[in-house]
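Contents: one structure, followed by commentary.
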Amino acid sequence: MLHRETLDTTALPPSDRFGMWLDLVARTSAPMRVRSAHDDDFVARADFVDLGPIQLISYDYPSLEATRTARLIRQSDPELYMLALTICGVGTSSQDGRQSEIRAGEFTFYDASRPHDLGHHSTEPEKDQATSIVTMIPHAALPLPPQRMAALYGGRMSGSEGIGALLAQFLVQVTRHPEQYHAADASRLGAVGLDLATTLLGRHLVAEDAVPTEVRRRALLAQVQAYVHRHLGDTTLSPQVVADAHHISVRSLHRLFEAEDITVASYIRDLRLTRCRRDLSDPALRNQPVQAIAARWGFSDKAHFSRAFRAAYGTSPQEHREGSSHPARIVNRPASMVNSLPAD
């Protein structure tokens, strides 16, 4: 699984928890001054996931406020951009004279190499924690004009539509379920996250042309693939439907997949077959008819499904199901599931 490091203050007595959190903040590459009305019992958790070109930090804490001063920057300047997604609570962000209130499901962006103020407050202090996911992006890794980035500092961006929604889903999925990916996947996942973040920032600069063409292509491909995963069970899913959903021509969609060495139709079919094969191997679904499983993943024609399944796996769906009942096959099945990418 992906390597994850966790800090949980509940491992200490209540009186020591805030001090533990301050020590953590002081040891980070971009330390800040932190204040909280809950310093007498600061129940908090931070999960760190390293994805090569970027690092993700999932935070869960009581309400707090933080400041990064010029003096702290002189002491430690890692040259990092921060793209923060608010999950629960209400955030505030201020940098270079721009201030914003960040609601749940929204991003804010700032530069750790410049002074800034942050706040994050739970909406129901007696019940909820404030939670967020921060993406740390090295200056050198972001392929956008540095002189243009100041226009975004302290602002807010939607995480509920378009590229913002896809990036938010990606961040939540990876930080909450690192066990679904191998450690070897880290750099590739980091590249996907960086592409999505770059595209999101480029669009909010109203300068998408500043985003390298290959980055835009990979970001659009990730968006298309996520759409296909979500709609596999729709029997009307086709290259035309996918193209229309993303406001591009079918020809452009096919060009998008050329570098992947697979056609759009084949990509849809292979995903559907993979899901059917997985379900046919699942003992918990043994009482469900083969055709019911096929229909769940978009195969409305029984004969067509059987032919496609045999062509892909060299056996009929029923034979595969019967063979999967062998103990050795069942033991090995979870390993093959872990290797499949990605889970929606």
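The values are calculated or read from the model by the stated rules, or taken from the named source; none is laboratory data. Fair warning: this is a prediction, and the values are worked out from it, not measured in the lab. Backbone-built Cβ (ideal geometry, glycine too); neighbour counts: all protein chains shown. All accessible areas refer to the heavy atoms of the entire protein, side chains included, with ligands and DNA or RNA removed. Shrake-Rupley method; radii C 1.70, N 1.55, O 1.52, S 1.80 Å.
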Query raised in the report: How many residues are in a helix (DSSP H, G or I) and in contact with a strand residue (DSSP E or B) (Cβ under 8 Å, 6 or more places away or on another chain) if we restrict to the range 133-149?
Result: 2
Requested in this report: Pairs only if they're at least six apart or on different chains, beta carbon under 6 angstrom, first in the range 275-287 and surrounded by 18 or more Cβ atoms within 10 Å (Cβ to Cβ), second among the charged types (D, E, K, R); list them, first residue then second.
Outcome: Leu280/Arg321; Ser281/Arg333
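Quick check on Arg114: is it out of contact with any His (no Cβ under 8 Å at 6 or more places or on another chain), over 29 Å from Val224 (Cβ atoms) and basic (Lys, Arg)? Lay out the reasoning, then the answer.
Values: out of contact with any His (no Cβ under 8 Å at 6 or more places or on another chain): yes; over 29 Å from Val224 (Cβ atoms): yes; basic (Lys, Arg): yes.
Taking the combined requirement at face value, the residue satisfies it.
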Query raised in the report: So which residues in the range 255-284 are at pLDDT 90 or above, outside any loop (DSSP other than H, G, I, E, B) and more than 24 Å from the chain's Cα centre (by Cα), if there are any at all?
Result: Ala265, Ser266, Arg269, Leu273, Cys276, Arg277, Asp279, Leu280
Query raised in the report: Can you list the helices (runs of 4 or more DSSP H) found entirely within the range 152-238 that contain at least 3 residues being over 13 Å from the mean Cα position of the chain (by Cα) and exposed (fewer than 15 other Cβ atoms within 10 Å of the Cβ)?
Result: 213-230
Report task. Return yes or no: is Arg321 basic (Lys, Arg) and either open to solvent by 60 Å² or more (accessible area, probe 1.4 Å) or at pLDDT below 85 (or both)? Result -> no
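Are any residues in the range 239-250 assigned to a loop (DSSP other than H, G, I, E, B), open to solvent by less than 40 Å² (accessible area, probe 1.4 Å) and either free of Cβ contacts under 8 Å to residues at least 24 places away in the same chain or among the aliphatic types (A, V, I, L, M) (or both), and if so, which ones?
So in the range 239-250, the residues assigned to a loop (DSSP other than H, G, I, E, B) come out as 246-249.
When the remaining residues are screened for being open to solvent by less than 40 Å² (accessible area, probe 1.4 Å), the result is 246.
Answer for the range 239-250, where residues must be assigned to a loop (DSSP other than H, G, I, E, B), open to solvent by less than 40 Å² (accessible area, probe 1.4 Å) and either free of Cβ contacts under 8 Å to residues at least 24 places away in the same chain or among the aliphatic types (A, V, I, L, M) (or both): there is none.
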